[in-house]
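One structure below.
The values are calculated or read from the model by the stated rules, or taken from the named source; none is laboratory data. As the structure is a prediction and not an experimental result, all values here were calculated from the model. Neighbour counts are summed over all protein chains in view; Cβ atoms, including those assigned to glycine, are modelled from backbone coordinates with ideal geometry.
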Amino acid sequence: MRFLRPHTWAEALGAKAEFPDALPLMGGTDVMVDVNFGRARPNALLDLTAIPELRTWAPDGDALRVGAGVTYARLVSELADRLPALAAASRTVGSPQIRNRGTAGGNLGSASPAGDAHPPLLAGGAEVELESVRGARRVAVEEFFAGPKRSVLEPDELIAGFRARPATGPQYFAKVGTRNAMVIAVCSFALALRPGEGVGTGIGSAGPTPLRAYAAEEFLAGELADRWEKRDALPGPVIGEFAELVAGAARPIDDVRGTADYRAHVLRVLARRTLTWAWADHCEGGAGCA
Amino acid sequence: MDVPSKGTAGGAQRTAARPPARTDVTVSVNGAVERIKVDNRASLLDVLRERLGLTGAKKGCDHGQCGACTVLLDGRRVNACLILAVTVDQAEVVTVEGLTDGTRLHPLQAAFIERDAFQCGYCTPGQLCSAVGMLAEAAKGRASAVTADLADDAPVLDEAEIRERMSGNLCRCGAYPNIVAAIGEVAG
Amino acid sequence: MTTDIERVTGTALDRVEGRDKVTGLARYAYEYPADDIAYVVPVPAAIARGTITGIDPGDALAVPGVLTVLSFRNAPPLAGNDPELRIFSSDRVSYRGQMVAAVVADTLEAAAEAARLVHVGYDAEPHDVLLRPDHPEAYVPEKVNPSFPAVSEQGDVEAALGDAAVTVDTTYTTPAYHNNAMEPHATLAVWSGDRLTAYDSNQGSSTARDMLAAAFGLEPGQVRVVSPHVGGGFGSKGTPRPQIVLAALAARAVGRPAKVALTRQHMFAVTGYRTPSIQRVRLGADASGRMTALAHEVEEQTSTLKEFAEQTAVPSRMMYAAPNRLTTHRVVALDVATPSWMRAPGECPGMYALESAMDELAVACGLDPIELRVRNEPEEDPESGLPWSSRNVVACLREGAAWFGWAGRDPAPGVRRDGRWLVGTGVAASTYPARRRPSEATARATADGRFTVRIAAADIGTGSRTALTQIAADALGVPPERVDVRIGDSALPTASLAGGSMGTASWGSAVAMACVRLRERLDGAGGEVPEDGIEARYDTADDIKADAAYARHAFGAQFAEVRVDPGTGEIRVPRLLGVFAAGRIINAKTARSQFIGGMTMGLAMALLEESVPDAEFGGFLNHDLAQYHVPANADVANIDARWIEEDDPHLNPMGSKGIGEIGIVGTAAAIGNAVHHATGVRFRDLPIRPDRVLDRAPQIGGRNL
């Protein structure tokens, strides 16, 4: 197994072009599980940990650009105010040890439907930055996932990072798992309110890919259009309809972690709860917290 | 005993025999600089245990699912089974063997004995390294999943915080309450 | 035992090997040094039943560093009577994951890579891996473990049930569970001529030695098994497992020391597990709650390789008074790995069903569940008629109720709320037999004023090394600092397994008596230790044969408080209290740890753990620690264990009962009963998963939350 360790982003892109079957390695928390047990036997590994620019984040216009090498631990400690749902989700990824190594960028690369970072990225309207020696492109997160553990990443491309607008309103992430910690989500849900603008959603572990609940977003945006300013209580039926539409957007299956029916039901509950919490925050005029 | 060996059994010629790719790595382990040639496929955990004779870090799952292999890599707690040894060039690794100051136990080690924070002892080195890393994280004001206020610079390490922050280390013997007590005592 | 110093048994002595364990210096099996070690990685069967049609090792042998590939094609036949250990003995596959080949290589990396390149051809046959009610192949075994009759009957249960004022007729199911000790099963085997040394992870080095000797046709004296530190077992290392045989085979094949550690995934296939069970319990009582009938009928699984019949209904033979009683066991031989021992085999699943049914009976009778149990307290062991050596279950229930704050509990189910959470409390009784087995020990005094005790006992985390140190110190009348206890090596005097909660009772008896003998010799020598030391030996076999006829059991009571989220079905256990009557407690610190550890496993049995069979391909679906949920630190909140003093002269020189297993018994029932109290719904299938709670949500009123 060849080991490639570029020290610049340009070297990394060059290496990926030369060895398209090289497996990119960031924190290693997904890749090494596959390597240790032979689900992945790459001819080459492309270690991206020595590339400083991947480990940075910075404002870029009205968005934040977060390098693919920023760990979950740093998302929690450095970006909780600007990307609260992503920070909240990052707090529940694997274990503290995993969070010290694992990255949202690497998590995108594995494209697991259960990846905890994906629903907040979807809800936050994030874009994934892909790059190869042929050039760079941006892909909306919902278009990035092509199927279970599959993405639109081309063989010569690498994930440079993602871009997301800082929260303008309350954001929440909620996850259900059987164990109290260190648990793969049975299902998860993220909600982002953008006062005066609209609503973002993200569903995890309830379909072949992470999903957005488009109809739920559209419905809620319509309901909230004249309520953003008024900040009055949301009628129960609105919350209920939103929850139904979220559950309806899921395409869950039965597996060891839970039944499809359970997932749909829990999504309803999580949608209802996160909306209740987020709207209450909005009404109090506070910034989002998660 | 009739045992097929290389070259005698059918099909042995199908794959060209290539020596395994190896890479030179310089790494500080418990303060000692080690220069070693590692198999590119080897995890940090296997190199510590099988090459350097540091068997304190344990292999419980090889998947980052149990925490028995927890070591400190450049001061942060990580699962050594999920780290390729070849990626730790120029890094600093501290294992449980490096927690002791000469013959003097680290306060966490002493507290683990006093509070009976282990039974079989197999998860213990990982628990200890994890606790050292956890206390450092808390000292930096890092929030956990149960920290109410993410902006709090100095989260109080109550039992719920310690339990959450130590949940990356499984203990099948069920020493959790004693682990929490031992760490709480040291955290003060 | 006369002593002129304060007794150390009963005190909270720190673990004597504690320093080694916290500094990482305690060596476990895989960690022993040897020159030129070869690494062994087994290849698991990919089918659940069938025949191997071919093994092509070519690609594996081509991997640099690979030394050989072992399989039934080239491995020498093994002897011994355990078919799970006669690896590579035929072309038959009896379960998915069974070892069908193994690669031996210079490095672990090479062996692991090559193991995936061993091409095994199969002729697969239809398989059946699912235990289900009234399976057509179910049969009544000749006996259940270890040697109980499969069926017992007193009076006329059917008639009594027909006449009973109050009846309960319910069926409970428990899934398969895996022991999942943190240390994977591992062995380093070193041959020296025809002598074999195995550094191995097991619950008894004498047993492992005898098995290895039998497998390789050697005398026990030619084999040594070394296991001073063992990273947990919980039963899975009681019966030797195939890795010890594999390491020895491989080492002999390549003429070098060889070692193997099973992967976590492979442990789910070849290291045993607790059988799933289907248990029907019928109880009949008069209007005052006095039971007239108790029937406990169990169906469970075994394998096609050998019969393992768990004694699940056995606790129902002694727990409560009832003039009419029926207990039965039926097993089904499926295309699965043979089930094996897991913490409190029999009592753990059986008491889950019985104690859940008792709670249902209490509700049906309108009685407090503690009072119901008190009313059905038997004067003597109901089936054998033997007197109890001591029985303090009522004291545990009463004391526990006071500590837990049981008094004034509103029995109405489903009415307590704290925010969105439904809150409830539950209780269950607990029991485990107190037995001992023959063991030998030596005690030696040396001229430097120190004492060395030798016995091939095992410390798998139980604290036995520490307890034996205390027992020896008291028997010798010296402080524990002057006693060295050597265990975990078959070269030491032969000892029984760490299992059945018999370890400390069995070994402690031998140690105490060897120390008493040594003191007598020392006294005979005028208290002077000769320059070359003085030694005494004791074998407890005759003492145990002469033990008077008593029914000997430890008892306990488990109390649980639960919170149920009716919206998501999530259950949390904020409070768990166990109260035990287990003879004299030898070490207050390690005993508490043992009880709490058992209770923690019981909590997980109730809510988290299950091994899900793979109906399509065989084996288990969730075969790793990300999917098989042993509890994490955050799952265990306020958990406490206490005990009541018990002075039982009919046990052993220490007056102790075993404590390793009783902690898990009854916990799951207490939690299930608390969930009923919280929600008003009975969940009779473990674990009580969130989706199962949600399926019953209309009855809880949770769908709208």
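In this structure, is C:ASP128 of a type in the set (D, E, K, R), in a strand (DSSP E or B) and touching a residue at least 40 places away in the same chain (Cβ under 8 Å)? It is false that C:ASP128 is of a type in the set (D, E, K, R), in a strand (DSSP E or B) and touching a residue at least 40 places away in the same chain (Cβ under 8 Å). Scanning the stretch C:540-580 for residues that are away from chain A (no Cβ under 14 Å) and hydroxyl-bearing (Ser, Thr, Tyr) yields C:THR540, C:TYR550.
Conditions tested, residue by residue: (1) under 30 Å from C:VAL129 (Cβ atoms); (2) within 7 Å of another protein chain (Cβ to nearest Cβ); (3) surrounded by fewer than 24 Cβ atoms within 10 Å (Cβ to Cβ).
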{"residue": "C:ALA582", "(1), (2), (3)": "no, no, no"}
{"residue": "C:LEU603", "(1), (2), (3)": "yes, no, no"}
{"residue": "C:GLU616", "(1), (2), (3)": "yes, no, yes"}
{"residue": "C:ASN633", "(1), (2), (3)": "no, yes, no"}
{"residue": "C:ALA669", "(1), (2), (3)": "yes, no, no"}
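Selection of the stretch B:46-72 for residues being more than 9 Å from chain C (Cβ to nearest Cβ) and surrounded by fewer than 24 Cβ atoms within 10 Å (Cβ to Cβ) yields B:ARG51, B:LEU52, B:LEU72.
Could you check the stretch C:640-695 and list, in sequence order, the residues that are among the polar types (S, T, N, Q), within 22 Å of the chain's Cα centre (by Cα) and under 30 Å from C:ARG416 (Cβ atoms)? Within the stretch C:640-695, just C:THR667 meets the criteria. Look at B:PRO125 and say whether it is over 16 Å from A:ARG99 (Cα atoms) and either in contact (Cβ under 8 Å) with a residue 40 or more places away in the chain or within 13 Å of chain C (Cβ to nearest Cβ) (or both). Judged against the criteria, B:PRO125 is a match. Restricting the stretch C:618-631 to residues that are facing another protein chain (nearest Cβ under 9 Å), among the hydrophobic types (A, V, I, L, M, F, W, C) and under 21 Å from the mean Cα position of the chain (by Cα), the residue that is farthest from C:ALA124 (Cα to Cα) is C:VAL630.
Looking at the stretch B:92-181, the helices (runs of 4 or more DSSP H) lying wholly inside it that each contain 3 or more residues that are in contact with a Leu (Cβ under 6 Å, 6 or more places away or on another chain) sit at B:124-139. The set of residues in the stretch C:141-154 being part of a loop (DSSP other than H, G, I, E, B) and surrounded by 14 or more Cβ atoms within 10 Å (Cβ to Cβ) consists of C:PRO141, C:ASN145, C:ALA150, C:VAL151.
Could you tell me whether C:PRO349 is crowded, with 24+ Cβ neighbours inside 10 Å, out of contact with any Cys (no Cβ under 7 Å at 6 or more places or on another chain) and on the phi < 0 side of the Ramachandran plot? So C:PRO349 passes the test. All conditions in (1) surrounded by fewer than 19 Cβ atoms within 10 Å (Cβ to Cβ); (2) in contact with a Lys or Arg (Cβ under 9 Å, 6 or more places away or on another chain); (3) not aromatic (Phe, Trp, Tyr) hold for C:VAL104, with the sole exception of (1). Restricting attention to the stretch C:323-347, the residues that are touching a helix residue (DSSP H, G or I) at 6+ places or on another chain (Cβ under 8 Å) and among the acidic types (Asp, Glu) add up to 1.
Of all residues in the stretch A:103-133, those being part of a loop (DSSP other than H, G, I, E, B) and touching a residue at least 60 places away in the same chain (Cβ under 8 Å) number 9.
State whether the residues of the stretch B:74-86 include one that is surrounded by 24 or more Cβ atoms within 10 Å (Cβ to Cβ) and either assigned to a loop (DSSP other than H, G, I, E, B) or away from chain A (no Cβ under 14 Å) (or both). Yes, that holds for at least one residue.
Of the strands (runs of 3 or more DSSP E) contained entirely in the stretch A:1-96, those carrying at least 2 residues that are more than 10 Å from every other protein chain (Cβ to nearest Cβ) and at pLDDT 90 or above fall at A:23-25, A:57-60, A:63-67. Filtering A:ALA290, A:ALA243 for residues that are modelled with pLDDT under 95 and under 14 Å from A:TYR172 (Cβ atoms) leaves a single hit, A:ALA290. Within the span defined as the stretch C:52-59, one or more residues are in the same structural domain as C:THR239 (by TED's automatic domain parsing) and part of a helix (DSSP H, G or I). Put simply, of B:ALA111, B:ALA117 the only residue that is within 11 Å of chain C (Cβ to nearest Cβ), touching an Asp or Glu at 6+ places or on another chain (Cβ under 6 Å) and among the small types (Gly, Ala, Ser) is B:ALA111.
To keep it simple, each residue is scored yes or no on (1) of a type in the set (Asp, Glu); (2) touching a Leu at 6+ places or on another chain (Cβ under 9 Å); (3) more than 30 Å from C:ALA258 (Cα to Cα).
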{"position": "C:ALA102", "(1), (2), (3)": "no, yes, no"}
{"position": "C:GLU113", "(1), (2), (3)": "yes, no, no"}
{"position": "C:GLU125", "(1), (2), (3)": "yes, no, yes"}
{"position": "C:ASP134", "(1), (2), (3)": "yes, no, yes"}
{"position": "C:GLY155", "(1), (2), (3)": "no, yes, yes"}
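At pLDDT 95 or above and assigned by TED's automatic domain parsing to the domain that holds C:GLY217, is that true of C:VAL103? Yes. Every listed requirement among (1) at the interface with chain A (Cβ under 8 Å from one of its Cβ atoms); (2) within 30 Å of B:VAL33 (Cβ to Cβ); (3) touching a Pro at 6+ places or on another chain (Cβ under 7 Å) is met by B:VAL186 save one, (1). A count restricted to the stretch B:28-45 and to residues that are more than 17 Å from C:ALA111 (Cα to Cα) and either within 11 Å of chain C (Cβ to nearest Cβ) or part of a strand (DSSP E or B) (or both) stands at 9. Note on the stretch C:228-265: residues that are among the small types (Gly, Ala, Ser), under 23 Å from C:LEU25 (Cα atoms) and within 12 Å of chain B (Cβ to nearest Cβ) amount to 4.
Every residue, every condition in (1) at pLDDT below 95; (2) touching a Gly at 6+ places or on another chain (Cβ under 8 Å); (3) assigned to a helix (DSSP H, G or I), yes or no:
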| site | (1), (2), (3) |
| --- | --- |
| C:PRO184 | no, yes, no |
| C:VAL190 | no, no, no |
| C:LEU196 | no, no, no |
| C:SER206 | no, no, yes |
| C:ARG209 | no, no, yes |
| C:ALA214 | no, yes, yes |
| C:GLY217 | no, no, no |
| C:ARG224 | no, no, no |
| C:HIS229 | no, yes, no |
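Look at (1) over 24 Å from the mean Cα position of the chain (by Cα); (2) free of Cβ contacts under 8 Å to residues at least 12 places away in the same chain and you find that A:PRO20 fails only one, number (2). Restricted to the stretch B:158-176, and to residues there that are more than 10 Å from chain A (Cβ to nearest Cβ) and surrounded by fewer than 24 Cβ atoms within 10 Å (Cβ to Cβ), the residue that is farthest from C:MET182 (Cα to Cα) is B:ASP158.
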